[in-house]
Structure formats: C-alpha cells, structure tokens
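Accompanying notes for the structure given below.
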Amino acid sequence: MVQERRILYEHLDVPDINTFEVFRQHDGYTRFEKAIAEYQPEELAQMVWDAGLKGRGGAGFSTGEKWSFVPRDIEPRYLCCNADESEPGTFSNRYVLEKNPHLLIEGILICCYAMGIETTYIYIRGEFTLGKKMLDAAIKEAYEQGYLGENVRGTGLNINIYSHPGAGAYICGEETGLIESLEGKRGQPRNKPPFPAVQGVFMKPTVVQNVETLCNLPFIVGNGVEWYTQMGPTYGDARFDPPKPDPNTGTKLYCISGDVNEPGVYELELGLTCTELIEVAGGLRGEEVKAVIPGGSSAPILTHYELDTRLDFTSLTLAKSMLGSGGIIVMNETRNIVDCLLNIMKFYAHESCGQCTPCRWGTPWVRDIVQRIADGEGRQTTVTRPKFGITESGRWGDTGETEEIYEDLDLLENVANNIANVDTMTWNTICVFGIAVSWPAVSYMRKFRPEFEAAIRESKLVTLSVAEATVPPEENYAYQQRIIPKEMADLE
Amino acid sequence: MSEEIIQIETPFQFNEDNKREFDELIGRYPVKEAAMLPTLHLAQRQEGYITPAVMKYVAELLELSVMKVKDVVTFYPMFFEEPVGKYVIRICHTLPCALRDCKVVLDHLKEKLGTDVASETNLAKGTTEDGKFTLMKVECLASCDVAPVIMVNDDLYKNLTPEKVDELLDNL
C-alpha cells in the first residue's frame, strides 16, 4: 500500500504548533534564514522553476514560470495569497490556516524575498473565522519576533502581511476575481491579458498563489531541488525531440470525501492512482465504486473503468479531466448520478457572478434541465423518419420506423457546450467558471447516459447498477481519447 | 442626491473599538476603496445587518458613492440587508455533505425551529418568530471530511446527526 509522505503536514498535529515558539523548535523560519543567507532572489526564483513546482490552486501552472512574467523594474509589486478555498470537496488549506499558520508565513517570506515584494494580502474566506483568528495571531507574533515589518531580522527587507476577509463568493477564488474583490469591488473576473503578473492588484505586478503552493517553498529551499524532484513522476512530452520534461514533482494534499471509510486530507507523493488513494482513505464505504470526481466539483467525472488514472496534473489532463484543487469525491453504487449533477448545478447556478451572458443565463438553464429530469418531467420525443425496406404488406416502401430522442439530453449538452465547449476547450465567458460548469454537466451526461435516459423514460429517478449506468469504454469519449503519459526515465 | 433616495431614520456610527480597528485597516491599502469588505464586516458585526445608514456611513468613510457600497453589499452572500436572528445557522448542502445525509439534518432543523429556509432575498422566511434563529443553506464550507456540517454564527459543528443538533440547540 502507498505510504503517506507528510511534509507540509508533518508537524500539523504537534500541540501548539500555531505558536511561534513551538514552530521555531521544528525548524520554523530556518529555511527563510537559509534563503536570505545563501541565495540571491533570482537564484531562488530559478530554484522554484527547477523544482517543477506547479500551482496547487487548480490550474496547475508552473510557479517558476509565472514568477518569470513579473517585471522586476515596476514598483511596488504585490503578493496575493489565495486562501479563498471554496471548491466543493477541498479542505486542505483550512487545516494549514487553523493549525500551522506560521508555515504559510514562512512561505510568503521566501516568495517576497525572491520576488522583491513588500506587501502581501492573504485573501481568506469569510467563513473561515477560526482560520482568520489563528492566522492573525500568527502574523502578530511574527511582527513581534521581527520576521515581519521594517528591516526584517536586520536584513534591510521590509515585508508586511495583511489578512483580508472575503464575504462568501465562490468566484473570488478565481485570481482576477480575487483581485477585484480585494480592491473593494464586486468580485467579477477581469479579461486576460493583461495577466495579474503584469497588471494585478491596484494595476501593479502581482503574484497570486494558493496557500499550498506557498507552503511548499520552505521545503524546496530547505532540502534542495534534487530532494524535491525525487518525489512524484516527471513525464516526458514526446511531441518534442528530445522529449521535454514535464514535472509533477512534490507531494499533494489530497482531500478525499464522500463514500470512503476515513475521509480526510492525505499528503502523498503525486502520481498514485485513484484506486490506491481510496485504499489509503480506509477503503470504499459500500460495495462498488460508481464514480470518482478527481479534482473538486468542477472536474469531469471518472467512471470505474478509469480508476487506474494517476492522480497528477499531466495524467488527469490527458485523461480529459483535471487534478484541480485535489478534492476527490467518491460515490458508491447507491448514488444516483442525475441527483449528484443536480446538486452541483445548483451550486454553479448560485455562484455565477452574472458578468457574462452565456454563464449568467446558461447555468440556471442547465440546472433547470437537470431539475426537470430529476423531477421525472424530462422531455422526450418520438421522431418518424422515412426508412425504406420491405413493409408489412410485403412491398418495397417506407417502413415508418420511429426513433426515441431524449430531447432534454441534447439540449443539456447544447446549452453547456455554448457556455464553454468541452471538446475544443474554448469558452465564451471571461473566466474559466464557464468550463467549470460545462465540464461536469457534459461529462456526467455522456459517461452515465443510461441513467439519464432511464430517468426520462420512466419519469422518475432510477438508480441503475454500476455496470448498467456506465457507458462501456468503447463509447466513452474520454476513455477513447485518453493518453497515458510516459515517464522521462522510460523514454530515454 | 443619494440622501434624497435613501431614507435614513437613525444615523449609524462605529463605536470606539471598531473606529480604532477601522483606522488601522485603512492604512493597509494604497486606496481607501480596498478596505470595503473588512469595513462592512465590522459594521455588520456592530449593527447586525447592513442598513441604509450603514451604507451611507461606509461610503463617507471610504469617500465613495452610496451606490458603490450597495453594489458590493448585494454581490456578497455574507452581507445581510435585512435583520437576522441572534444565531445564524448556515447549513452546507453541497455534494460531499449531501452524500453524508445533510438533508436529514436540514429537515430536522426545519422541524425543530418551525421555520423554512431563508433565501437571499427573503431572510425573514428563515427566521423564527422570536427572532432567535435564522436558518440558511450555504454552499461548501470546506469541511467535507467531517460532513455534514453547520455553522452557528462563527462556530463550526461537525459530523452532525439529529441528536447532536438537539443537543446543540438546547445549549444555545
């Protein structure tokens, strides 16, 4: 069985780790001191790039690459730490904020030093009252100990960290929505470009990073790039010659919930399979896995045929899904996929910010269609098409063949694909919220079509067995198109 | 202009503690407008909900139009424009909680409190007659490992069952 590899969470359960003194006893702030003593800011940024750290917030974009876009000659620059954790199924940042906030502060200090940043805003979810209390206390302690404020520990650096509470809007987890919200406006995402790295908060260069990404920095600095890259697979992109390395290095805080015996956060090296993760989380609660959502509710669903997919950024992207924020939701054989989709669509219809028309009108429309199907009022039509053959009277003519068309399922796919097209990966909205809506809508419907059809046909929710509800692999678009990446070592 | 449209019966003002906190807040940002959300949180904590008087006061503090403040207040679900009960009960009903039977807890809460679930535009619908409780559904509270969960004001309660809800409500 795969073993947990606790790095970020290593000292999470140490009593009073939230206080400066105890954190200090567990190597706290020594990595920041090492960074200042041994490295130049540019060297640190290069180190993060070499380590292959990918953003843990959802998009999985290379952190080092993102930092390289920030113009170093424009002052001031800002860091926004995204602690607006609201993706359904994700809850790893909450534990960091509530139990070990000094680790986040140390990560921020390293990022600030590497990027020459003086001001950091931690945008923390409004509902995280305990997290904010613990974080504010830790920030206060760090100021008292001279790790924040003017002339940090006599190095001449000025670094300030402020926590900024959100107010319950999901869209503020999107980086430009977060920036707008931080500026005191409605949290409606901005058009990109310009990217936040060039014009972000207060129209100044801004680095936006997730809590988990920043918490990785002390360990990269403390243990070195080589140590870090040994964890997790490094794939080779065979489209390039020689193959371009595609690192999925480090550990991930996998949040697993739903039908497993021991839901919780498990820190594991990237690259284990779905089946292995369910085993780590105490096994399945129930008889059979019906479906797994691999990366928060926005991610396309995986059927039981796809459970051998490795849970890392590259593998899941090539399997037409995504790792996203690492929130894994498991469903057993008793669950009805139509009902699950309805729940998720209600969420998106509620959280659409209302800025772009396709999303503002499309999300409630998709919800209404699914609601209709779940209520047993799904629309179905019988079409008669001319088909020539031997008729009942024994003559050659129109046999009058009819076909059942599930009108609502076609409509559902049509509406969802016009918010964002899942096949071409293009969206008609400003931000990626559009794709977060149509991804689940289309993937649930295509992969569990028999269950949707049964609900329409029998005018009520029908929970089919796992084998009946899932479309076979040869009809599964994602299974047909998926590519299993090869590790660099195998390519060479 | 704004004064004519919005009728204000009693003006609002921060108490001394909040005023001090606000003065500290405002220094964190290069523009005053950025202090909007923390300021509104402070005001809501003092007043209970965001009244027109609060909006006018916040607009004056941040040197903005009242419209701009209203614009923000209506966007975020955590700001109330109507009075709410002493205890605001937020129940999570998103997928991971739904998989762990949050509906049982919700039905029990509805029956026990004798009220419906508040909607964003009608908070009175979910408020008990004595004004003690307001029941509302919210989206994921990021505690899916201990689902189903509810938040009562600032505190989170985990792994709920109808019995635990009874115990919790009796202690409030």
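Selection of segment A:318-355 for residues being touching a strand residue (DSSP E or B) at 6+ places or on another chain (Cβ under 7 Å), more than 24 Å from residue A:409 (Cβ to Cβ) and among the small types (Gly, Ala, Ser) yields A:326, A:327. Of the listed requirements (1) part of a helix (DSSP H, G or I); (2) small (Gly, Ala, Ser); (3) within 26 Å of the chain's Cα centre (by Cα), residue A:126 misses just one: (1). Considered as a group, the residues in segment B:70-103 that are more than 10 Å from every other protein chain (Cβ to nearest Cβ) and either at positive phi or of a type in the set (Ser, Thr, Tyr) (or both) include one that is surrounded by the most Cβ atoms within 10 Å (Cβ to Cβ), and that residue is B:87. Looking at segment A:30-45, is at least one residue buried (at least 23 other Cβ atoms within 10 Å of the Cβ) and within 14 Å of another protein chain (Cβ to nearest Cβ)? Scanning segment A:30-45 turns up no residue that is buried (at least 23 other Cβ atoms within 10 Å of the Cβ) and within 14 Å of another protein chain (Cβ to nearest Cβ).
Here residue A:285 meets each of (1) more than 23 Å from residue A:368 (Cα to Cα); (2) under 17 Å from the mean Cα position of the chain (by Cα) with one exception, condition (2).
For residue A:108, the criteria (1) surrounded by 23 or more Cβ atoms within 10 Å (Cβ to Cβ); (2) farther than 12 Å from residue A:160 by Cα; (3) among the hydrophobic types (A, V, I, L, M, F, W, C) hold in every case but one, which is (2).
Apart from one condition, residue B:154 fits all of (1) surrounded by 14 or more Cβ atoms within 10 Å (Cβ to Cβ); (2) without any contact (Cβ under 8 Å) to a residue 12 or more places away in the chain; the exception is (1). One residue stands out in segment A:142-180 among those that are acidic (Asp, Glu) and assigned to a helix (DSSP H, G or I): the one that is surrounded by the fewest Cβ atoms within 10 Å (Cβ to Cβ), namely A:144.
Give segment A:52-94 a look and list any residue that's under 19 Å from residue A:113 (Cα atoms), within 14 Å of chain B (Cβ to nearest Cβ), in contact with a helix residue (DSSP H, G or I) (Cβ under 9 Å, 6 or more places away or on another chain) and part of a loop (DSSP other than H, G, I, E, B), or say none. Hits for segment A:52-94 are A:76, A:77. The condition of being over 30 Å from residue A:316 (Cα atoms) and surrounded by fewer than 16 Cβ atoms within 10 Å (Cβ to Cβ) holds for only one of A:77, A:24, that being A:24. Could you look through segment A:283-299, keep only residues that are crowded, with 24+ Cβ neighbours inside 10 Å and assigned to a strand (DSSP E or B), and pick out the one that is nearest to the other protein chains (Cβ to nearest Cβ)? Going through the qualifying residues, I end up with A:293. Every condition in (1) in contact (Cβ under 8 Å) with a residue 60 or more places away in the chain; (2) touching a Leu at 6+ places or on another chain (Cβ under 7 Å); (3) in a helix (DSSP H, G or I) is met by residue A:454 except one, and the failing one is (1). The selection criterion, being buried (at least 17 other Cβ atoms within 10 Å of the Cβ), in the same structural domain as residue A:458 (by TED's automatic domain parsing) and hydroxyl-bearing (Ser, Thr, Tyr), holds for residue A:352. With respect to the stated conditions, residue B:63 is surrounded by fewer than 16 Cβ atoms within 10 Å (Cβ to Cβ), more than 11 Å from chain A (Cβ to nearest Cβ) and on the phi > 0 side of the Ramachandran plot.
Quick check, is residue A:280 touching a residue at least 60 places away in the same chain (Cβ under 8 Å), within 11 Å of chain B (Cβ to nearest Cβ) and not polar (S, T, N, Q)? No; evaluated as a whole, the condition is false for this residue. Take the conditions crowded, with 24+ Cβ neighbours inside 10 Å, farther than 19 Å from residue A:469 by Cβ and not hydroxyl-bearing (Ser, Thr, Tyr) and apply them to residue A:260. Does it pass? In short, yes.
Looking only at segment A:233-261, which residues are part of a strand (DSSP E or B), more than 14 Å from every other protein chain (Cβ to nearest Cβ) and within 25 Å of residue A:282 (Cβ to Cβ)? The answer is A:251, A:252. For residue A:327, the criteria (1) within 17 Å of residue B:140 (Cβ to Cβ); (2) in the same structural domain as residue A:443 (by TED's automatic domain parsing) hold in every case but one, which is (2). Reported count of residues in segment A:202-227, each being surrounded by fewer than 19 Cβ atoms within 10 Å (Cβ to Cβ), within 14 Å of chain B (Cβ to nearest Cβ) and at negative phi, is 1. Scanning segment A:104-123 for residues that are assigned to a helix (DSSP H, G or I) and among the acidic types (Asp, Glu) turns up just one, A:106. With respect to being out of contact with any Pro (no Cβ under 8 Å at 6 or more places or on another chain), touching a residue at least 24 places away in the same chain (Cβ under 8 Å) and under 25 Å from residue A:173 (Cβ atoms), residue A:366 fits the description. Scanning segment B:117-151 for residues that are surrounded by fewer than 15 Cβ atoms within 10 Å (Cβ to Cβ), within 14 Å of chain A (Cβ to nearest Cβ) and not hydroxyl-bearing (Ser, Thr, Tyr) returns a single hit, B:120. Checked against the criterion of being closer than 17 Å to residue A:136 by Cβ, surrounded by fewer than 19 Cβ atoms within 10 Å (Cβ to Cβ), touching a residue at least 12 places away in the same chain (Cβ under 8 Å) and within 13 Å of chain A (Cβ to nearest Cβ), the candidates B:33, B:21 yield just one match: B:21. In the set A:230, A:188, A:199, only one residue is under 20 Å from the mean Cα position of the chain (by Cα), more than 21 Å from residue A:97 (Cβ to Cβ), among the polar types (S, T, N, Q) and surrounded by fewer than 24 Cβ atoms within 10 Å (Cβ to Cβ); that residue is A:188. Just one of the listed residues (A:472, A:440) is outside the structural domain of residue A:303 (by TED's automatic domain parsing) and surrounded by fewer than 24 Cβ atoms within 10 Å (Cβ to Cβ), and it is A:472.
Hey, could you check segment A:5-21 for residues that are touching a strand residue (DSSP E or B) at 6+ places or on another chain (Cβ under 7 Å) and aliphatic (A, V, I, L, M) and say which is surrounded by the fewest Cβ atoms within 10 Å (Cβ to Cβ)? Filtering first and then ranking leaves A:7. Selection of segment A:300-340 for residues being away from chain B (no Cβ under 14 Å), more than 16 Å from residue A:477 (Cβ to Cβ) and of a type outside the set (Lys, Arg) yields A:304, A:307, A:308, A:311, A:312, A:313, A:314, A:315, A:323.
The values are calculated or read from the model by the stated rules, or taken from the named source; none is laboratory data. Everything numeric here is computed off the predicted structure, so don't read it as measured data. As a convention, Cβ positions derive from the backbone with ideal geometry for all residues, glycine included, and neighbour counts pool all protein chains shown.
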